[in-house]
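A quick write-up on the structure given underneath.
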Number of protein chains: 2
Amino acid sequence: MRISILLEKFKRGLNAVDRIVSSKNTLPILNNILIKTEDNQVVLSATDLEVGVNYYLGGKVESEGAITIPGKVLSNFINSLNEEKINLLSNNGVLSAKTEKSEASINGMAPDDFPIIPKVEGKTLAEIDGMALKQAISQVAFSVSYDESRPVLTGVYFKSDGKSLKLVATDSYRLAEKEVVGVSVSEKIDFIVPIKTINELHRIITSSEKIKIIASENQVMFLLSDMDIVSRIIEGEYPDYEQIIPKNFKTKAVIKTAELANIVKTASFFAKENANNIKMNFAGNEITVEAVSSQLGNFKSKIPCTLSGEDNEISFNAKYLLDALGGLNSNEMTLEMVGKLNPGVIKPSGGNLGITYIIMPLRN
Amino acid sequence: MRISILLEKFKRGLNAVDRIVSSKNTLPILNNILIKTEDNQVVLSATDLEVGVNYYLGGKVESEGAITIPGKVLSNFINSLNEEKINLLSNNGVLSAKTEKSEASINGMAPDDFPIIPKVEGKTLAEIDGMALKQAISQVAFSVSYDESRPVLTGVYFKSDGKSLKLVATDSYRLAEKEVVGVSVSEKIDFIVPIKTINELHRIITSSEKIKIIASENQVMFLLSDMDIVSRIIEGEYPDYEQIIPKNFKTKAVIKTAELANIVKTASFFAKENANNIKMNFAGNEITVEAVSSQLGNFKSKIPCTLSGEDNEISFNAKYLLDALGGLNSNEMTLEMVGKLNPGVIKPSGGNLGITYIIMPLRN
């Protein structure tokens with residue numbers, strides 16, 4: 001292989017793929033990045049067998065070939081250069097890299113052992129604006145479960161009946177549902193994407209370019225203009241989450257999001273040793289937030305709200321509440337509830353921003 | 001104790017003292033911050049027995065008293081508030097804190113067990129501009145030793161014969177000497193300040209205010225306008241470092257600092273498994289930097305320089321060289337040397353900026 005690439009483009013490509021490369025991999029080849037030529041352009045690939053990324057670099061191909069290079073070494077080396085172009089030559093498992101002023105030889109491995117990142121063939125299920133997908137991910141991803149005993153909850157559920165696209169995540173203590181509008185959906189969508197893929201996707205998307213989603217039975221591919229991300233789909237059926245969303249309420253509070261976030265944050269310092277348990281009391285157009293710790297002390301604060309329906313009270317895990325408030329993306333919010341044994345529902349106030357958070361109550 | 005303080009001022013004070021409070025302390029009282037009234041103002045204090053900080057808050061004292069509160073709890077709580085004022089009341093080891101909207105009770109401990117931070121009495125040895133001291137610290141502190149087997153090297157040496165003030169640090173592999181000018185020195189100075197105190201001092205100084213240095217036999221005090229830092233002095237005699245600074249050279253290179261830093265950084269990735277060993281060759285107004293790694297590969301790069309004297313070569317630990325280049329604070333630098341078995345001397349080029357780095361050579 002003999003190729004010539006622009007360093008700026010090479011850096012962007014490496015930064016897109018090298019997070020997949022973990023030094024924790026027990027299979028040494030997975031610590032490597034594959035550089036290969038394909039259809040007269042240069043492609044960088046990395047995979048951890050669960051998720052794989054291909055980045056299409058362009059570049060000038062003088063002779064075809066491929067080599068794999070330890071990802072961290074390659075990234076550190078390339079990112080420290082600040083010239084315009086680099087020439088790469090592979091020979092007997094060694095990559096020779098030359099710029100105008102420097103030359104390096106980096107020991108690699110033959111490309112034969114590098115796992116093939118499968119192409120997902122099939123119809124495009126949906127086409128979605130990059131920034132809309134990135135925002136949807138950041139609004140739901142924190143709610144996935146990290147408990148491997150229920151694998152279906154360790155990913156984000158993509159669901160569509162052919163109209164809008166919904167992204168859902170839950171760890172069974174709280175749930176986030178985002179409905180993304182303005183998506184062109186051509187088929188029914190129903191699959192669960194592992195959180196690692198979701199996090200990579202969130203990191204990699206940096207523009208409003210259209211992203212195509214293509215899925216087979218076991219795999220999903222997100223197709224960007226200069227890269228694709230291929231991931232396994234989590235097997236199994238996502239729980240019928242819609243049934244737990246309460247439909248009728250006894251109490252509704254309209255609250256300034258930042259004001260609530262602020263006192264919940266303070267209260268959470270006092271709630272740490274008590275499973276983050278904070279108590280909220282709704283009465284007389286005020287919310288009182290309270291946290292008690294036998295060791296540290298206790299805290300109480302009030303903020304104004306617009307209350308309709310009955311006076312009420314409920315206890316939440318402060319962390320789940322703060323996560324939801326951070327995801328709302330709205331200055332004003334509503335908190336709706338039935339009673340202290342039913343889940344609370346949090347939404348942006350006014351205007352349908354498509355985001356709903358459900359938080360299970362704690363016993364006090 | 002019953003006091004009233006401005007929250008902004010309280011936050012500044014806490015942020016100044018709370019780094020001393022380590023949760024690693026085995027003596028529980030050292031995890032606490034002392035709040036006390038003194039001469040009708042409020043004082044915050046923290047100590048780890050090696051270094052202590054007193055911050056003078058001002059504030060309104062309604063009744064005298066004192067209490068100690070776990071530092072992390074107090075900082076987290078206070079920093080999350082964004083009102084104007086806070087009222088504090090201590091009662092039976094509990095601190096009641098009230099703002100307009102919130103109230104908290106925080107469990108503390110009686111102040112009697114809190115170690116006394118000694119006042120250092122004596123003449124002011126020197127008065128130095130805050131930013132000049134902060135810069136001097138950042139230029140030398142990275143060269144101290146973390147090897148407890150030679151305690152005198154684990155601190156920064158302050159030395160003056162009554163004129164300028166010198167700060168010196170060495171780990172016996174490299175040495176940094178900074179001469180601070182424009183200091184008013186009234187006495188001979190000769191003591192070693194522990195690196196922990198030095199780091200705190202660097203963090204705490206944020207302005208050009210005059211800082212007074214007062215020392216007794218075992219202790220030194222840095223006196224700022226609203227706080228003082230009191231530290232033990234490291235016992236023992238600092239090595240006669242001046243004798244190792246070479247006086248005559250065979251080779252002198254004038255180099256653009258950023259250009260050298262850039263290629264040394266790249267070379268260092270290849271030098272890691274070889275004790276950071278990089279080789280520098282000086283010939284024909286060029287420096288060639290080389291690093292070889294049997295496992296990763298190797299790297300070579302050239303940069304221009306203005307060379308006088310003999311062609312030469314020397315090997316350095318890339319990390320020590322990068323530390324020195326980062327500390328120079330100068331676009332252009334000189335590297336002077338005798339031969340590959342003698343230390344190299346690095347200084348800013350042109351204009352005396354008072355900073356000198358000595359780096360011992362590595363065998364190649």
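The values are calculated or read from the model by the stated rules, or taken from the named source; none is laboratory data. Here the structure is a predicted model, which means the values were calculated and not measured. Heads up, the Cβs are rebuilt from the backbone with ideal geometry, glycines too, and the neighbour counts pull from every protein chain shown.
Descriptive notes on the structure:
- Residue satisfying all of: in the range B:1-53; part of a loop (DSSP other than H, G, I, E, B), in contact (Cβ under 8 Å) with a residue 12 or more places away in the chain and not hydrophobic (A, V, I, L, M, F, W, C); farthest from B:ILE204 (Cα to Cα) among these: B:ASN40
- Check on A:ILE117, surrounded by 19 or more Cβ atoms within 10 Å (Cβ to Cβ), at pLDDT below 95 and of a type in the set (A, V, I, L, M, F, W, C): yes
- Selection from the range A:49-62 of residues that are in contact with a helix residue (DSSP H, G or I) (Cβ under 6 Å, 6 or more places away or on another chain) and either of a type in the set (Ser, Thr, Tyr) or within 14 Å of chain B (Cβ to nearest Cβ) (or both): A:TYR55
- Among the residues of the range A:286-325, those that are at pLDDT below 95 and not in a strand (DSSP E or B) comprise A:SER294, A:GLN295, A:LEU296.
- For the range A:35-48, the set of residues classified as touching a helix residue (DSSP H, G or I) at 6+ places or on another chain (Cβ under 7 Å) and among the aliphatic types (A, V, I, L, M) consists of A:LEU44, A:ALA46, listed by residue number.
- Restricting the range A:296-334 to residues that are in contact with a helix residue (DSSP H, G or I) (Cβ under 8 Å, 6 or more places away or on another chain) and on the phi > 0 side of the Ramachandran plot, the residue that is nearest to the other protein chains (Cβ to nearest Cβ) is A:GLY297.
- Counted as qualifying within the range A:63-173 are the strands (runs of 3 or more DSSP E) with 1 or more residues that are within 14 Å of chain B (Cβ to nearest Cβ) and touching a Phe, Trp or Tyr at 6+ places or on another chain (Cβ under 6 Å), namely A:66-70, A:102-107.
- Whichever residue in the range A:341-364 is in contact with an Asp or Glu (Cβ under 6 Å, 6 or more places away or on another chain) and modelled with pLDDT of 95 or more and, among such residues, is surrounded by the most Cβ atoms within 10 Å (Cβ to Cβ): A:VAL345
- Unique match (being modelled with pLDDT of 95 or more and under 14 Å from B:PHE114 (Cα atoms)) among B:LEU34, B:LEU30, B:LEU7: B:LEU34
- As a summary of the residue check, B:GLU273 satisfies the conditions (1) surrounded by fewer than 16 Cβ atoms within 10 Å (Cβ to Cβ); (2) of a type in the set (D, E, K, R); (3) in contact (Cβ under 8 Å) with a residue 24 or more places away in the chain except for the one numbered (3).
- Test set (1) farther than 19 Å from A:LYS101 by Cα; (2) within 14 Å of chain A (Cβ to nearest Cβ); (3) polar (S, T, N, Q) - B:SER268 fails condition number: (1)
- Selection over the range B:200-254 of residues that are buried (at least 20 other Cβ atoms within 10 Å of the Cβ), β-branched (Val, Ile, Thr) and either out of contact with any strand residue (DSSP E or B) (no Cβ under 9 Å at 6 or more places or on another chain) or under 30 Å from B:ILE287 (Cα atoms) (or both) gives a count of 1.
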